[in-house]
Structure formats: C-alpha cells, structure tokens
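Quick notes on the structure that follows.
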Amino acid sequence: MGYAIRAEGLVKRYGDFVALDGVDLEVPEGKVVGVLGPNGAGKTTTVRILSTLLRPDEGRASVGGHDVVRDPVRVRQLIGLTGQYASVDEGLSGTENLVLIGRLLDMPKRDAAARAAELLERFSLTEAAGKPLSTFSGGMRRRLDLAASLVGRPQVIYLDEPTTGLDPHARNEVWDVVRKLVDDGSTVLLTTQYLEEADQLADSITVFDRGRVVAEGRPGELKRQVGGQILQVRPTLAGDVELVARILTELTGGEPARSSGNSVLTVPAADPLLVSAVARKLDSAGISADELGLRLPSLDEVFLALTGRPATSNDETDSTDGTKNDSKNDSKSDTDTERTAA
C-alpha cells in the first residue's frame with residue numbers, strides 16, 4: 001500500500017509549551033484519515049507542518065514522497081488546503097474568486113476560467129457563480145472554499161475542521177462534497193472535533209490529545225477498544241427514568257450515564273445477558289421502554305475513555321501549565337509561518 005502522507009516523531013514547541021510531542025501519522029493513498037481531538041490537541045499544528053507553513057522542531061514528514069522541509073515547493077504543488085474558516089474574498093463573486101486562484105497558480109486566463117466553471121458546476125454553485133458572496137449561505141461559502149483548494153488539481157487535500165460553525169444542513173452539504181472527492185481518487189486528511197463527522201467520512205481515525213497520538217484504527221475498532229458493549233434504555237414515560245436508573249444500578253453496580261435530556265440511560269454491558277435481566281426487571285415493575293438494546297460505544301464515549309474528557313472540550317488553556325492551546329499558539333506563529341513558507 002502506498003502512503004500519500006508519512007510523518008515520524010513530529011515535535012513542535014512554542015516556548016515551554018509542547019504543541020506536538022512525537023506524532024506519527026500515515027495516510028494511505030486514496031483514503032480519508034480523520035484526525036480527531038479537542039482544541040489544543042495539535043491537529044492544526046500538524047496540518048501546518050504537513051503543508052510547509054511550519055517547520056517541525058524534531059521529526060520528519062513527507063507528502064507524495066517529498067520531504068516537507070527539504071522540498072517544500074514540490075509539496076505545495078501536490079496539496080490543497082481548506083482551513084478552519086473560509087478564505088474566499090468577500091468582495092468578489094464565486095467565479096472571480098476561483099479565477100483569481102487559478103491566475104495565482106500561473107494558469108492562463110482562459111484555463112483559469114474553464115477550471116472555475118468546471119468546479120462551480122461540480123459543487124452546485126453555477127447559478128450563484130456571478131453573485132457577490134454576501135448572498136451566499138454558510139454552506140455555499142464553504143463549498144466555494146473547498147472548490148478554491150481544488151483549482152490546482154491537488155493529489156492530497158487537507159481539510160482542517162471544514163465544517164466549523166456550519167448548521168447541520170450545511171455540514172451535510174460539505175460531507176457530500178468530501179465523499180465525491182474520495183470517489184474521484186483524492187487523498188484526504190480531515191481534522192475535526194465532530195465525532196459524527198469522523199464516523200461518517202473517515203476510513204480510519206487517529207486520536208490526538210495534548211500533542212500526542214493516543215489511539216488509531218477504524219471507527220469500529222476504536223469503539224471496541226473501550227471494551228464490551230453499551231446497554232441503552234429509553235423509558236416510555238419520563239417519570240420512570242429514576243426508577244429505571246435504580247434498576248440499572250442494582251444490576252450493574254454502577255451509576256448509568258444520561259443523555260438526550262436525561263431520558264436515555266446507558267451502562268457498560270460486559271454480559272450480554274444483561275438485556276434480558278433488565279427486561280425482566282422492567283416488566284416486573286410495570287415499566288415500558290421505547291428503546292432497550294445493546295450497541296457499540298459511540299466515538300464520544302471512546303474519546304472520553306481514552307482521554308478522560310470529551311472530544312468537544314473547548315478549554316482555552318493546557319491543564320498542566322496554563323499555556324494557551326494550539327489554536328491560540330498558531331496565531332502567535334504567524335511570523336514564523338511567513339518565514340518558513342517563503
């Protein structure tokens with residue numbers, strides 16, 4: 001199997017803060033690898049190194065077989081990058097934005113216009129192509145941003161939290177675009193805080209926490225790492241929730257977790273016979289349930305088990321020394337970015 005991206009022992013420091021602490025990463029050609037983790041985990045720092053915008057302090061990385069430090073120009077010719085926020089120009093139309101990118105890539109004007117029209121049609125933006133971006137919805141802007149990253153026909157695409165700030169409908173639109181990219185043979189490195197996004201799109205997932213890789217594997221494999229299955233119960237009547245919670249505690253010896261407004265109760269189920277035992281207890285107590293069954297743990301539960309905190313954590317500081325997270329540190333590195341990208 002060929003690898004589009006390989007990284008070994010990446011380390012990046014900002015003063016006393018270690019943003020990356022020996023990260024290894026492999027992305028097979030033609031696959032989507034999701035990098036999952038909260039703010040401060042090191043996701044964006046990794047993407048910046050792989051896109052030649054930052055130099056690692058230690059370790060090495062290659063894209064398409066080219067070293068990101070020794071051959072940055074060739075690496076940039078192979079990649080497309082969509083960052084956390086749309087980078088399209090608000091003062092230009094959709095067509096003008098894409099033609100501008102093409103011209104910056106040294107395309108002849110006619111070729112840039114043809115490529116722009118092709119991408120606008122591909123991303124279902126043809127009707128809005130000549131309109132100002134102020135008329136675009138959030139999903140349309142994000143699709144245009146993705147189109148801009150594809151003008152140069154990159155072999156490898158970095159999507160750094162591409163659905164940040166989008167509503168569910170717009171998020172689904174972006175997901176459809178990513179699936180089409182993969183169908184066309186693109187290799188995608190996707191960073192995200194959204195567990196459902198990683199579950200929906202990624203062939204495999206690498207979990208980051210505090211600058212380190214703490215787990216990797218297919219979504220189903222990571223779910224099984226938690227051990228066993230999850231018993232889930234949703235009582236028909238909200239007034240029965242507390243009684244059901246007591247029954248689950250009696251049978252398992254542990255306090256059940258609650259979700260969906262406290263109406264769904266879950267407990268680890270190492271013993272598959274637990275379902276029948278709960279069913280008998282509920283029947284004896286005259287309690288009906290809309291849901292009762294076993295499932296694999298969610299990726300949220302996996303992340304919590306691996307790191308001791310949810311993947312949607314938005315802590316602004318590192319818990320050990322109060323240093324700002326990697327998103328904040330990235331903003332401090334703008335000067336370094338300009339210097340290393342030159």
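The values are calculated or read from the model by the stated rules, or taken from the named source; none is laboratory data. Only a predicted model underlies this, so the values are computations on that prediction, with no experimental measurement involved. Cβ atoms come from the backbone with ideal geometry, glycine included; neighbour counts cover every protein chain shown. The protein model used for the area step is the full one, side chains on, heavy atoms only, and it has no ligands, DNA or RNA in it. Shrake-Rupley method; radii C 1.70, N 1.55, O 1.52, S 1.80 Å.
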In the list VAL23, VAL33, which residue meets the criterion of being within 18 Å of SER186 (Cβ to Cβ) and within 24 Å of the chain's Cα centre (by Cα)? VAL33
Take the residues in segment 248-285 that are in a loop (DSSP other than H, G, I, E, B) and among the aliphatic types (A, V, I, L, M), then tell me which one is surrounded by the fewest Cβ atoms within 10 Å (Cβ to Cβ). LEU273
What pairs come up if the first residue lies in segment 1-22 and is within 15 Å of VAL35 (Cβ to Cβ), the second is part of a strand (DSSP E or B) and polar (S, T, N, Q), and their beta carbons are under 7 Å apart, counting only those six or more places apart or on different chains? ALA4/THR187; ARG6/SER62
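Going residue by residue through segment 155-166, is there one that turns out to be touching a residue at least 12 places away in the same chain (Cβ under 8 Å), closer than 22 Å to GLY2 by Cα and either among the hydroxyl-bearing types (Ser, Thr, Tyr) or open to solvent by 10 Å² or more (accessible area, probe 1.4 Å) (or both)?
Looking through segment 155-166, at least one residue is touching a residue at least 12 places away in the same chain (Cβ under 8 Å), closer than 22 Å to GLY2 by Cα and either among the hydroxyl-bearing types (Ser, Thr, Tyr) or open to solvent by 10 Å² or more (accessible area, probe 1.4 Å) (or both).
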Hey, which of the helices (runs of 4 or more DSSP H) in segment 11-122, taking only ones fully inside, have at least 3 residues that are open to solvent by 10 Å² or more (accessible area, probe 1.4 Å) and charged (D, E, K, R)? 109-122
Over segment 192-207, the set of residues in contact with a Leu (Cβ under 7 Å, 6 or more places away or on another chain) and either among the basic types (Lys, Arg) or assigned to a strand (DSSP E or B) (or both) is THR192, ILE205, THR206, VAL207
Verdict on ALA170 being of a type in the set (Gly, Ala, Ser), over 16 Å from the mean Cα position of the chain (by Cα) and either part of a helix (DSSP H, G or I) or closer than 30 Å to PRO268 by Cα (or both): no
Set GLY59, GLY64, GLY2: member being over 21 Å from the mean Cα position of the chain (by Cα), over 23 Å from ASP203 (Cα atoms) and of a type in the set (Gly, Ala, Ser): GLY59
Say whether the condition of being under 25 Å from ASP199 (Cβ atoms), under 34 Å from the mean Cα position of the chain (by Cα) and not β-branched (Val, Ile, Thr) is met by at least one residue in segment 234-242. yes
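To keep it simple, each residue is scored yes or no on (1) on the phi > 0 side of the Ramachandran plot; (2) touching a Lys or Arg at 6+ places or on another chain (Cβ under 8 Å); (3) at pLDDT 75 or above.
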| position | (1), (2), (3) |
| --- | --- |
| LEU251 | no, yes, yes |
| LEU265 | no, yes, yes |
| ARG280 | no, no, yes |
| THR320 | no, no, no |
| LYS328 | no, no, no |
| SER331 | no, no, no |
| THR337 | no, yes, no |
Mind checking which residues of segment 209-240 are touching a residue at least 40 places away in the same chain (Cβ under 8 Å), open to solvent by 50 Å² or more (accessible area, probe 1.4 Å) and within 27 Å of LYS281 (Cβ to Cβ)? VAL226, GLN229, ARG234, THR236, LEU237
